[in-house]
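Structure record follows, encoded as structure tokens.
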Amino acid sequence: MIPIRYGWTGGVVFEVHVTGGRLDAVRRFLTPGWIGLHVLALVLCGAFLGFGWWQFDRAQGGNDRSWAYTFEWPIFAIFVIVMWVKMIRDERAGTSPAPKVIEEPAEAEVKQEIIRRQEEEDPALAAYNRYLARLNSQSGGRG
């Protein structure tokens, strides 16, 4: 992407980004992380198809249970391909994870009031709740 700056006497400056076309769209998928994902998808597909072929050989040899696995392993390979394509489409569309919920100030005031009431009623319970809140803040709110 090449930024080109424009401006005039009004002091307003804006940028126009000129892209290299399809090359820029492909280049983002050639980073080390994406190359690792491409290789992982290829290895998994090859392994799953190989397992399916192996189960087919076992089924031909008289193992009746292997017939189910003969069809199950290729379905896993198809699933890997579908998820790989979905990841690429999401990246091209610029889809990002859902934004983190930000607590409203009014909610914080209500929570502080509840904590104050708990401290008045039962100091041990309030201390335990503060302990849990500290653990929750240290874990990043993943709980």
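Details
- Meets criteria (in contact (Cβ under 8 Å) with a residue 24 or more places away in the chain, open to solvent by less than 70 Å² (accessible area, probe 1.4 Å) and not charged (D, E, K, R)) for W73: yes
- In this structure, G36 does not satisfy being more than 20 Å from the chain's Cα centre (by Cα) and without any contact (Cβ under 8 Å) to a residue 60 or more places away in the chain.
- Matching entry among W67, W53, W8 (being more than 18 Å from the chain's Cα centre (by Cα) and at pLDDT 95 or above): W53
- A count restricted to segment 38-66 and to residues that are in contact with a Ser or Thr (Cβ under 9 Å, 6 or more places away or on another chain), open to solvent by 90 Å² or more (accessible area, probe 1.4 Å) and under 30 Å from E91 (Cβ atoms) stands at 0.
The values are calculated or read from the model by the stated rules, or taken from the named source; none is laboratory data. Only a predicted model underlies this, so the values are computations on that prediction, with no experimental measurement involved. A quick note on method: Cβ atoms are made from the backbone with ideal geometry, for glycine too, and the neighbour counts reach across all protein chains shown. To get the accessible areas, we keep the full protein, side chains included, count just its heavy atoms, and leave off ligands, DNA and RNA. Shrake-Rupley method; radii C 1.70, N 1.55, O 1.52, S 1.80 Å.
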